[in-house]
Amino acid sequence: MDILVKDRMVPLEEYATVKPDATLQQAVNALGEAQEKFGKDSYPHRAILVMDDGGTVVGKLSQWDVIRALEPKYEELFNYERLAHFGFNPDFIKGMLKEHNLWEHPLNDICRAAGRVKVADIMYTPRQGEYVEEHASLAEAIHQLIMGRHQSLLVTDEGGRIKGVLRLSDVFQEVCRRIQSCEI
């Protein structure tokens with residue numbers, strides 16, 4: 001029997017959600033609250049969903065988005081869309097950190113920055129390849145996760161409404177469970 005995406009997704013009600021006008025601090029607080037409710041027996045949530053007033057998911061915040069937002073100079077220096085897949089050597093990275101004074105003060109001013117940054121300014125809008133239908137097979141979703149290098153997929157019903165999130169960590173847990181059950 002094939003496992004369906006809906007069998008491994010985290011329901012939308014269990015996920016951290018905020019509105020676009022929330023601050024980064026409010027988003028991080030929502031993530032902490034959702035994790036407490038979700039429980040300690042599973043992998044922690046690593047993203048926050050951004051929902052409009054009508055309850056539609058309009059964006060996501062990843063760990064990467066949250067941390068990057070605390071150092072605004074990154075936005076001035078880089079076009080992340082074009083540079084996403086380039087690798088940089090350690091000397092180049094250290095040179096940029098020093099030359100542009102990156103992370104000079106943000107860790108000391110983290111509370112002020114988190115209260116000032118708006119979610120709408122840093123959220124990521126999911127692309128077409130980041131949605132999967134709830135009745136799709138887990139195998140299909142795994143292929144989509146790997147080919148797109150996604151940490152999660154938004155799970156939709158037949159009407160296109162978001163029902164939950166399929167996280168790479170939950171797929172990984174299922175794969176490991178199956179490997180551990182193998183008799184060699």
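All of the numbers you see were taken from the coordinates with simple rules; none came from a lab. Being a predicted model, the structure only gives us computed values, none of them experimental. Cβ placement follows ideal geometry from the backbone for every residue including glycine, while neighbour counts extend to all protein chains displayed.
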Explain nothing, just the number: dipole magnitude of the stretch 119-184 about its Cα centre with +1 on each Lys and Arg Cβ and -1 on each Asp and Glu Cβ, in debye rounded to the nearest 20. 180
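State the extension gain, in nm to one decimal, for the chain segment bounded by ILE146 and LYS37, taking 0.36 nm per residue of separation less the distance between their alpha-carbons.
Contour length minus Cα-Cα distance gives 36.4 nm.
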Taking amide H positions as placed 1.01 Å from N in the peptide plane, with prolines and chain starts having none, which residues 5 or more places from VAL132, or on another chain, fall under 5 Å of its amide H? LEU154, VAL155, THR156
Positive end of the charge dipole of the stretch 120-184 (Lys, Arg +1 and Asp, Glu -1 on Cβ, about the Cα centre): tell me which of ILE122, LEU138, GLY160 has its Cα farthest that way. ILE122
List the residues, sorted by chain then number, that are 5 or more residues from MET51 or on another chain and whose placed amide H is less than 5 Å from its amide H. VAL18, LYS19, VAL58
Förster-model FRET efficiency, 35 Å R0, VAL58 and ILE184, C-beta, rounded to 0.05: 0.15
